[in-house]
Amino acid sequence: MIIPEYGRTLTPEEWQPVIDELLAARHILLTTHENSDGDGLGSEVALAIILKALGKEVSIINPTEVPPNYLFLKDFYDIRVFSDRSEEDIQEFFLADLLVVLDANLHDRIGKLWPHAEFAREMGRLRFLCIDHHLEPEDFADVMVCETYASSTGELVCDLVTALEMQSARQLCTSEAASALYAAIMTDTGSFRFPKTTPYTYRLAGELVEKGADPEMVYDRIYNSLTPESLRLLGLSLTNIRILDNGLISWLFISQEMLDQTGSKLFDTDLIIRYLLSVPTVRVAVLLVEMKDGRTKISFRSRGKIYVNRLANHYGGGGHMNAAGCLVTMSAEKAQQVILEDVRKFTYEHLDV
Ligand SMILES: [Mn+2]
C-alpha cells in the first residue's frame with residue numbers, strides 16, 4: 001500500500017505499480033461499491049474508456065443498479081449489473097486478468113461480486129487492484145492505492161490518467177471521460193465545497209473542462225433529477241426529522257412503509273441526508289432507512305471534529321470523517337434504540353475536542 005503524507009498528490013512514478021497491473025492485463029473488470037454513487041460510477045466509466053483506448057477488453061460490472069440520475073454515464077460506457085444467476089457473468093471472473101475496485105476499500109462493499117471474484121482469484125488468474133480514498137482500508141487487493149487526502153476517487157483517477165498519458169505518449173482523456181471524471185469529483189465534493197476540495201481539486205476540474213467536460217449537463221442530469229415519488233418522500237421525510245439534544249443531533253428514520261407509500265426507492269433517500277445537517281447547531285446527523293431485506297441502512301454526517309467514521313466502523317461500516325455509513329442486521333425498531341443511545345454517547349464524548 002502506498003501511503004504518502006496528507007496534502008500531496010501521487011507522482012507518475014508512484015502510480016507505476018498500478019500502471020504495471022493495468023498494462024499487463026488483457027481483460028479488465030471494473031467495479032464499485034453497492035448503491036453506487038457519482039464518484040464510483042464516474043471513475044469506472046472514465047477508466048473504462050481510457051483502458052479501451054489502450055486496447056484492453058474492459059467490462060464494468062457492478063453489484064447494484066445505476067441510480068436514475070447517473071444513467072447518462074451509460075451513454076459513455078456500458079455498465080452491467082452482476083447477476084449470480086448468470087453463467088456468463090460468473091464466467092467473466094475466470095476470463096478476466098484483473099478486477100479494479102473503485103471507491104471502496106473493504107471487500108464486502110462490492111457485495112455479491114466478492115465470493116465470485118475471490119473464487120476466481122483462488123482458482124484462476126484474476127488479480128485485484130483497488131483505488132480509493134476512504135479511511136481505514138482493508139488490505140484485500142494485490143495493489144492498493146488508498147489515499148485519504150483525495151477529495152474523490154475521481155481525483156485519483158485523473159492523476160492515474162495523466163500518468164498513463166505520459167507513459168503512452170498519447171492523449172487518452174476524451175470529452176466523455178472528462179465529463180465522467182467531472183461528475184465523480186463534483187458529487188464527492190458536494191459541488192466543490194467539502195473540506196477536501198483543495199486548490200488542486202479546482203485546477204483538476206478546470207483541466208477536465210478544457211478536455212471537454214460539460215459541467216452544465218453533468219450538474220443538470222445529476223441534481224435536477226427528482227421524480228414525483230422522490231419529491232413526495234422528501235416532503236414526508238422533512239416532516240419527520242427530529243432535532244434532539246438541544247439541536248446537537250438530527251435524526252430521521254425512513255420506514256419501508258414510507259418508501260412504499262410514496263412509491264420511492266432506496267436511492268431516493270440519498271438526497272435527504274443533507275437536510276439533516278442544514279440546521280447549524282447540528283453536530284451529528286443520522287439517517288436510518290429500513291431496507292426490504294429487514295436490514296437497516298444507516299448514514300452518518302457530522303460537523304467539525306466528530307469523526308463519524310468511527311461510529312460506522314463500530315457497526316462494520318466505514319467512510320470519511322464527516323460522512324460515513326453502515327448496514328446493520330437489526331430490525332428497524334431495535335436499530336433506532338441502540339443507535340440513538342450510541343450516537344448520543346459518542347457525540348457527547350467528542351464534543352469540542
Ligand atoms: Mn468517493
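For the stretch 210-219, check the following and say yes or no: at least one residue is assigned by TED's automatic domain parsing to the domain that holds Ala104, at negative phi, among the aromatic types (Phe, Trp, Tyr) and surrounded by fewer than 18 Cβ atoms within 10 Å (Cβ to Cβ).
Initially, the stretch 210-219 is screened for residues assigned by TED's automatic domain parsing to the domain that holds Ala104, giving 210-219.
Applying the additional criterion that residues be at negative phi yields 210-211, 213-219.
If we keep only those that are among the aromatic types (Phe, Trp, Tyr) as well, we get 219.
Those left that are additionally surrounded by fewer than 18 Cβ atoms within 10 Å (Cβ to Cβ): 219.
Scanning the stretch 210-219 turns up at least one residue that is assigned by TED's automatic domain parsing to the domain that holds Ala104, at negative phi, among the aromatic types (Phe, Trp, Tyr) and surrounded by fewer than 18 Cβ atoms within 10 Å (Cβ to Cβ).
Would you confirm whether any residue within the stretch 83-101 is over 16 Å from the mean Cα position of the chain (by Cα), assigned to a helix (DSSP H, G or I) and within 28 Å of Thr162 (Cβ to Cβ)? Don't jump to the end; show me each part of the working.
Just the residues of the stretch 83-101 that are over 16 Å from the mean Cα position of the chain (by Cα), to begin with: 83-99.
From the residues that got through so far, the ones that are assigned to a helix (DSSP H, G or I) too are 87-95.
If we keep only those that are within 28 Å of Thr162 (Cβ to Cβ) too, we end up with none.
No, there is no match, as no residue in the stretch 83-101 is over 16 Å from the mean Cα position of the chain (by Cα), assigned to a helix (DSSP H, G or I) and within 28 Å of Thr162 (Cβ to Cβ).
Counting only residues that are assigned to a helix (DSSP H, G or I) and either among the small types (Gly, Ala, Ser) or in contact with an Asp or Glu (Cβ under 8 Å, 6 or more places away or on another chain) (or both), how many does the stretch 102-114 have?
Residues that pass the stated criteria total 4.
How many of the residues making up the stretch 294-345 are assigned to a loop (DSSP other than H, G, I, E, B) and of a type in the set (Val, Ile, Thr)? Please lay out each step first, then the result.
Of the residues in the stretch 294-345, the ones assigned to a loop (DSSP other than H, G, I, E, B) are 294-295, 303-307, 315-317, 320-322, 329-331.
Checking which are of a type in the set (Val, Ile, Thr) leaves us with 306, 329.
So the answer is 2.
In the stretch 16-56, how many residues are under 15 Å from Val157 (Cα atoms) and either within 16 Å of the ligand (Cβ to nearest atom) or not in a helix (DSSP H, G or I) (or both)?
Summing the residues that are under 15 Å from Val157 (Cα atoms) and either within 16 Å of the ligand (Cβ to nearest atom) or not in a helix (DSSP H, G or I) (or both) in the stretch 16-56 gives 13.
If only one of Asp270, Asp293, Asp245 is under 16 Å from Leu327 (Cβ atoms), out of contact with any Gly (no Cβ under 7 Å at 6 or more places or on another chain) and in contact (Cβ under 8 Å) with a residue 40 or more places away in the chain, which one is it?
So the residue among Asp270, Asp293, Asp245 that is under 16 Å from Leu327 (Cβ atoms), out of contact with any Gly (no Cβ under 7 Å at 6 or more places or on another chain) and in contact (Cβ under 8 Å) with a residue 40 or more places away in the chain is Asp270.
Within the stretch 60-97, which residues are over 23 Å from Thr187 (Cβ atoms) and either surrounded by 15 or more Cβ atoms within 10 Å (Cβ to Cβ) or in contact (Cβ under 8 Å) with a residue 40 or more places away in the chain (or both)?
Residues of the stretch 60-97 over 23 Å from Thr187 (Cβ atoms): 83-97.
Matches in the stretch 60-97: Asp89, Ile90, Glu92, Phe93, Leu95, Ala96, Asp97.
Of all strands (runs of 3 or more DSSP E) completely enclosed by the stretch 139-254, which ones contain at least 1 residues that are within 23 Å of the chain's Cα centre (by Cα), more than 16 Å from the ligand (Cβ to nearest atom) and closer than 30 Å to Val284 by Cα? Outline the logic, then answer.
Values: elements: 143-146, 242-244, 249-254.
It comes to 249-254.
The values are calculated or read from the model by the stated rules, or taken from the named source; none is laboratory data. All of these numbers come straight from a predicted model, not from anything done at the bench. Don't worry about glycine lacking a Cβ; one is built from the backbone with ideal geometry, like all the others, and counts go over all protein chains shown.
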